[in-house]
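The values are calculated or read from the model by the stated rules, or taken from the named source; none is laboratory data. Please read these numbers as outputs of a predicted model, since none were measured by experiment. A quick note on method: Cβ atoms are made from the backbone with ideal geometry, for glycine too, and the neighbour counts reach across all protein chains shown. The accessibility values were calculated without ligands, DNA or RNA, using every heavy atom of the protein model including side chains. Shrake-Rupley method; radii C 1.70, N 1.55, O 1.52, S 1.80 Å.
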Amino acid sequence: SISLFTASWATALLAFSAWVFVLLLGRTRLFRGTFVERANVFCMQTLPGSIDRWLRAGVSDALVGRGEALWLSLFGRRNPVFQVFAIALYLSGLAVFMVEAAPLIPNRYVHGWQWITIILTLAVNMGT
């Protein structure tokens, strides 16, 4: 039987995958006039506009302006702090893989020759 923990992670992964799918493909011609396009419009236009109106109604315009300036300074252009954070996150995941999973290869699910694909995947991910 599947544990509640496993089911929760599977549900979260499915929801995240659907969200990424909607954000990436919602504006393509393939999904024009479908639920995927409507979900994309909601996530990209309706929801941010509603949050903006809600904030402006409850907080002064000066404070909202400062928040927008902070948001743009952090996310509006390339930010070296976030690039360093992304590299640290990638290297941390790589370290966990090497410490926890690498000693278990080969096994009955992953054969020794699959190290070739693992190394190629790591090289491509680090290069992009």
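I need every pair where a residue in segment 35-64 that is under 15 Å from Leu24 (Cβ atoms) and touching a residue at least 24 places away in the same chain (Cβ under 8 Å) has its Cβ under 8 Å from the Cβ of a residue that is in a helix (DSSP H, G or I) and open to solvent by 70 Å² or more (accessible area, probe 1.4 Å), sequence separation at least 6 or different chains. Note: pairs meeting the criteria are Cys43/Trp19.
Beta carbons closer than 7 Å, at least 6 apart along the sequence or on distinct chains, never pair a first residue in segment 110-128 that is on the phi > 0 side of the Ramachandran plot and in contact (Cβ under 8 Å) with a residue 40 or more places away in the chain with a second that is in a helix (DSSP H, G or I) and surrounded by 10 or more Cβ atoms within 10 Å (Cβ to Cβ). For segment 52-68, the tally of residues that are among the hydrophobic types (A, V, I, L, M, F, W, C) and either open to solvent by less than 60 Å² (accessible area, probe 1.4 Å) or within 21 Å of the chain's Cα centre (by Cα) (or both) stands at 2.
Find the residue count for segment 17-34, including only residues that are of a type outside the set (Lys, Arg) and either surrounded by 12 or more Cβ atoms within 10 Å (Cβ to Cβ) or in contact (Cβ under 8 Å) with a residue 24 or more places away in the chain (or both).
Here is the first cut: in segment 17-34, the ones of a type outside the set (Lys, Arg) are 17-26, 28, 30-31, 33-34.
Pick out the ones that are also either surrounded by 12 or more Cβ atoms within 10 Å (Cβ to Cβ) or in contact (Cβ under 8 Å) with a residue 24 or more places away in the chain (or both) and you get 18-19, 21-23, 25-26, 31.
Going through segment 17-34 one residue at a time, the tally reaches 8.
Would segment 41-48 turn up any residue that is among the hydroxyl-bearing types (Ser, Thr, Tyr), open to solvent by 60 Å² or more (accessible area, probe 1.4 Å) and at pLDDT 90 or above? The answer is yes, given that some residue of segment 41-48 is among the hydroxyl-bearing types (Ser, Thr, Tyr), open to solvent by 60 Å² or more (accessible area, probe 1.4 Å) and at pLDDT 90 or above.
Listed here are the residues, each with its yes/no results for (1) surrounded by 10 or more Cβ atoms within 10 Å (Cβ to Cβ); (2) more than 15 Å from Met126 (Cα to Cα).
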{"position": "Trp71", "(1), (2)": "yes, yes"}
{"position": "Leu74", "(1), (2)": "yes, yes"}
{"position": "Pro80", "(1), (2)": "no, yes"}
{"position": "Ile87", "(1), (2)": "yes, no"}
{"position": "Val96", "(1), (2)": "yes, yes"}
{"position": "Val99", "(1), (2)": "no, yes"}
{"position": "Arg108", "(1), (2)": "no, yes"}
